[in-house]
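Written below as C-alpha cells is the structure these notes are about.
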Amino acid sequence: MSMAHFADGKITPKRFKKAVICAETELEPFQHLYRSQQWSSAIGASGTLKATQKLLQSRGLSRRGISREGLNKLVDQVLSAGRMTPALFPDLNPERYPSFIGGLSIIQATFDILEIEHMDVSEGALREGLLQDLLGRIN
C-alpha cells in the first residue's frame, strides 16, 4: 500500500483516501461475514498495529489499544505533517517510516469496513497467530 500510493514519501489527503478505498475494496468481501458475527471485541496483531498503539499512547490519544477517535486524530496529524520524518514522529521506529502510512490506511479501512470502535493490540505477532491456528488445525 505504501509503495502503491506513497512511494515518494509524500502524504496528502487525496492519496490517503485512495489508499483507504483500495484497502476497503480488498476487505469488502469479508465485511458481511465479520460484521454479522456480532463479536464484542477486536484484537489486532501486527507490527503496524503495535506502532500505531505506541504513537497513540505517546501522543496522549489512547491509554489502551486503538480507538476510532484516537486513530482519526493520528491520521489528521500524519496528513498535516505531509511526511513521516524522525523530527515529527520521533516515537516511531525508523524502520517503519517507509511502510507506516500504507499500514495506517489499512487500519483506517479495517475500522471503517468492520465498524470497529476500539481494537486491543496483541503482544504476539501475526505470524505467531497463524502458526497457532495451523497447529490447532493439525491436532
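In the context of the full set of protein chains, residues of the chain present 62 Å² of accessible surface per residue (probe radius 1.4 Å, heavy atoms only). Computed over region 9-64, the Cα gyration tensor eigenvalues convert (square root of 5λ each) into semi-axes of 23, 21, 9 Å, ordered from largest to smallest.
Expressed in nm², what is the orientationally averaged projection area of the convex hull enclosing the Cα positions of the chain?
Working: hull surface 35.9 nm².
Directional mean of the projected Cα hull area for the chain stands at 9.0 nm².
Relative contact order for the chain: 43 percent, from Cα pairs under 8 Å spaced at least 6 residues apart, divided by residue count.
Amide H contacts of Ala42 (H built 1.01 Å from N, in plane; Pro and chain starts excluded): Asp120 sit under 5 Å, all sequence-distant by 5 or more or on other chains.
Net charge in the neighbourhood of Asp8 (other residues with Cβ under 12 Å of its Cβ; Lys, Arg +1, Asp, Glu -1) is +3. The figure for Leu61 is an accessible area of roughly 40 square angstrom, using a 1.4 Å probe on the protein chains alone. Accessible surface of the chain, 1.4 Å probe: 54 percent of it comes from carbon and sulfur atoms.
The values are calculated or read from the model by the stated rules, or taken from the named source; none is laboratory data. Here the structure is a predicted model, which is why all the values come from computation and not from measurement. For neighbour counting, all protein chains shown are included, and Cβ atoms are generated from backbone atoms with ideal geometry for every residue, glycine included. The accessibility values were calculated without ligands, DNA or RNA, using every heavy atom of the protein model including side chains. Shrake-Rupley method; radii C 1.70, N 1.55, O 1.52, S 1.80 Å.
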